[in-house]
Structures are given as structure tokens and as C-alpha cells.
Amino acid sequence: MQQIINFIIRNKNFLLFFLLFCLSLVFTIQSHSYHKSKFINSANFLTGGVYNSLNNISSYFSLKSQNYILAEENRRLRALLNNASISPDSAYIDSTAFNKLYKFYNANVIKNSYSLADNILTINKGKNDSIKQDFGVISSKGIIGIIDKTSNNYATVLSILNTTSKISAQLKKSNHFGTLSWNGNTPENVQLTDIPKVAKVKIGDTIITSGRSSIFPKNIGIGVIKAFQLDAAENYYEIEVNLFNDMTNLEHVYIIENVNKQEITNLENE
Amino acid sequence: MNNLFSIYTVHFFTLVLAQVLIFNNINFLGYINPYPYILFIALFPVKNNRIILIFISFLLGLSIDLFLDTGGIHAGASVCIAYARPVILKFAFGTIYEHQTVKFNAVDFGSKLMYFTLLTAIHHVILFSFEVFNISKIILILQKALFSSIFTILISISITIVFSRKTR
């Protein structure tokens, strides 16, 4: 017994080091697996508050470019509205509006990140704004990521620029779908795999979300094909996709809630 | 001792905030960021208890991780260099360290640069291997570690030069 205590006292430095190193290894492994990081995330009141106050200042510097992006989106929406086949008449009651499929919330990015292998953003909406895990996040141009952790006023977003993120995507002109992932190299490009060989793929084709995952609705833009090649087994394409979004300049984003998600997952789990 | 304690508390919070608010938003050439918060570990008084340094380094790394959503990569790398610090000190400063009289303001520039370089290189290699966490991307890890190390060493040396002149 005394020898054990002596051993602990003699090697206390190493033992403490080893203990803390293992602890950080556990945190690291947790952060590399989807939805597992329990304690270490920036959606708490302290880090969220610091980022929020910094964002209050730094948002002034990008006002001009963000205004331009918002004005561009307004222009696009106005064009849609005026060219819509059904006029927005006040007497017209849309029966589908009572049971909408998707709800939209707006939010601001208070922490952006794109230089790591696993990038996670922080936004200034949380549980108090009824934001929950697995809601989709998009900008006016295309998809950004999926909500990971939420606190009362903040939430973290698993960016598409994250090596653990997997999103279902398809070609716009045909219904061949595959998996969108990121290899960690440049923030402009992501990779689309598992597109079957029979699909007609061309450089410049548009990639959209497939709507199969119950997170994103169909037809949300992702990017255009930059390059493609067959994989080692020569059965599937490996496609390099150039994102519509500039992931290095994000401010205003929209959060999508699929109202029927619970029903869909229940059905799938039966 | 009390005065020293308050000085290092201020250092701790200043370095964490400077790291997450300034140095992590540099993104030079898209992905190169310096990590000068390890100055805290480098400049911690030599005579002090080793066990305290290891524990404080863990807290320092963990608070950086908390801000950057990176799990435990900074905590792990910081704990490693805190544990390896006596060996690096001995290697860089030789006999001065053996007599326990290293004062970071008074040592010559060459050995100081050597000390920072070793500390930064070890820290960054561990940091980026934890971050990428994929042995098949070893080239990416080494590339990131090399570029960030150069950046970190430059920033750390400039910070020590600027702040040591002020206190004199």
C-alpha cells in the first residue's frame, strides 16, 4: 500500500499529465463524431456572449457587402413575386398555408470558421427562439450546414465545411443523388460522391439538395460542378463542386424547420 | 506571490481573448493562423511548481477549445508542451537552466528563439494531428504545422520584444 502511494507521489507530474492528456483526447474524439460533443461547444452564455458583443462591433465593417447581398436577394424575390403564376390576391386563401411543411427563422452568424478540418459556426438564435438540433441552415445563395448544439440564446452549426458532415445532394437536371462531403482542403469546393456512372455529368451543371434527408427541402442550391472523375472502382463519379456561397463571408442566414420531421423519423424507425 | 498571481491571471484572460478575437480571424492565405497563446506556457516562471503549470495549461487550452468548438485539441497540445517544458528549457538554455536562474528578459536572443521554436513546433504538430485526426493526411498536417509555426514564432517574438521594453 505504501509503495503504491510512494509511486503516485513520485510520478505525480506524469500521472497528472497523462490524465489530462487522455481527457483532452476524449474531448477530441467526441468532437469528431457527429452530435457527441457534450461539454465543449461555443453555444453557452459565456462564449456566445463574447462572440455576440464582438459581432456587434465587427458587423459594421461588412455592412456594405451584406447590404448588397440582401438587396440582391430582395430583387430576386421581387422578381419571383411579380412573375408568380398565382397572384397574391387578398381574397385567395391558400389551404396549404394552414399546414406548412417548412418554417423559416432568420439569424446572424456571430462566429464563422473555415480554416479548420471540422468547422463549426455559432449563430445568435437558440432554444428560446424554438431552434432545435438537426434544423437546416441556409443563406440566400445556398446551404450552410445543420444545427448541432443549442443553448438558450445561441446555437452551433455543423458547417458543410466539416469532414464529418454528410448531406444528400443531387443533380438539378436528373434525379441521380449522392453524398456531399468535404475533404478539408479549400473552403470554396466540396466533394459529391456516389453519383452512379449512368448519370450524364457535365462541367457547369448545378447541384441542389435532394430533399431526401428531411432536413433540407428539395431545390436549395449548393454549387456548380467544377471537375469530375470516376472513382477507383469505376462505378461512381467523384465530383468537385464549386459552392455558390462564399463561406468566408457569412452574416444573415435562415434556419429551416421541417414541421413533419417527427412524423417522418417515427415512420422510418418503425 | 499574490502580485505575481494577479499578473498571470490577467495574462491568461488577455491571451485567451486576443487568441479567439484577433489571432483566429487572421486566416492568412485562407487557413494560416498563429497561436501565440502558448506564450503563457513559455513564459511561466521557471521556479514554480510543475504540477500547477500542467493544470493551468490544460485550463488555458480548454478555454480556447470552448471558444473555437474544437473538442480538446488545444488542451491536449498545451498539456504536452507544459509537461515537456523542462526538457526543452534544458536543451535551449543549457547550464543557466541547471542553476535555476533563467530570466526571459535577460537571456540572449539565439537561445530564446531556439526555445520558442521547439515549443511551438511540438505544440503545432500535436495540435494539427488532433485537429485533422487522420493519419493518411500527414502531408496536410505537416504543411499546416509548418506554416502556422513560422507565423506563431514571429508573433510570439514580437510580443515579447514589445512588452519587455515597456516594463523596463
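Taken together, the values in this text are just the output of simple stated rules run on the coordinates, not laboratory data. Computed from a predicted model, the values in this text were never measured in an experiment. Every residue, glycine as well, gets a Cβ built from its backbone with ideal geometry; the counts of neighbours run over all protein chains shown.
Laid out as a table, the results:
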| read-out | value |
| --- | --- |
| Cα coordinate range in region B:1-63, projected on the principal axes (Å, largest first) | 42, 19, 18 |
| Rg(Cα)/(2.2 N^0.38 Å) for chain B, N = residue count | 1.01 |
| Centre separation in Å (Cα based) which lies between region A:121-185 and region A:218-270 | 9 Å |
| Spatial separation of Cα centroids for region B:105-168 and region A:1-79, in angstrom | 21 Å |
| Residues whose placed amide H lies under 5 Å from that of A:Phe228, excluding near-sequence neighbours | A:Glu240 |
| Long-range tail of P(r) for region A:167-243 (Cα pairs > 15 Å, %) | 49 percent |
| Nearest 10 degrees, 0 to 90: helix B:138-167 Cα axis against chain B principal axis | 30 degrees |
| Most fluctuating residue given options A:Ala71, A:Ala199, A:Ala107, as computed from a GNM of chain A linking Cα atoms under 10 Å | A:Ala71 |
| Cα-centre dipole for the protein assembly as shown with unit charges at Cβ (Lys and Arg positive, Asp and Glu negative), debye to 20 | 1040 debye |
| Helix B:109-132 vs. chain B, principal-axis angle (Cα, 0 to 90°, nearest 10) | 30 degrees |
| Per-bin percent of Cα-Cα distances, the protein assembly as shown [20 Å] | 22, 49, 23, 5, 0 |
| Charge dipole of chain A about the Cα centre (unit charges at C-beta), most positive-ward option of A:Cys22, A:Thr186, A:Ala117 | A:Cys22 |
| C-alpha long axis of helix B:50-68 to longest principal axis of chain B, angle in ° | 40 degrees |
| Ascending count of other beta-carbon atoms within 10 Å, so fewest first, for A:Glu73, A:Glu240, B:Glu131 | A:Glu73, A:Glu240, B:Glu131 |
| Inter-label distance, nm, simple model (7 Å from Cα along the C-beta direction), A:Val26/B:Asn3 | 4.2 nm |
| Helical segments meeting 27 Å axial Cα length and Kyte-Doolittle 1.0 threshold in chain A (DSSP H) | A:12-32 |
| Computed FRET value (nearest 0.05) for A:Asn266 with A:Phe61, which takes r as the C-beta separation and R₀ as 51 Å | 0.65 |
| Efficiency of FRET between A:Thr164 and B:Arg50 - r from beta-carbon atoms, R0 35 angstrom, step 0.05 | 0.45 |
| log₁₀ of I(q)/I(0) at q = 0.14, 0.26, 0.35 Å⁻¹ - region A:45-84, Debye sum with one point per alpha carbon | -0.51, -0.80, -0.99 |
| Chain B, helix-only ellipticity at 222 nm - DSSP H runs n ≥ 4, -39,500 (n - 2.57), divided by all residues, nearest 500 | -24500 deg cm²/dmol |
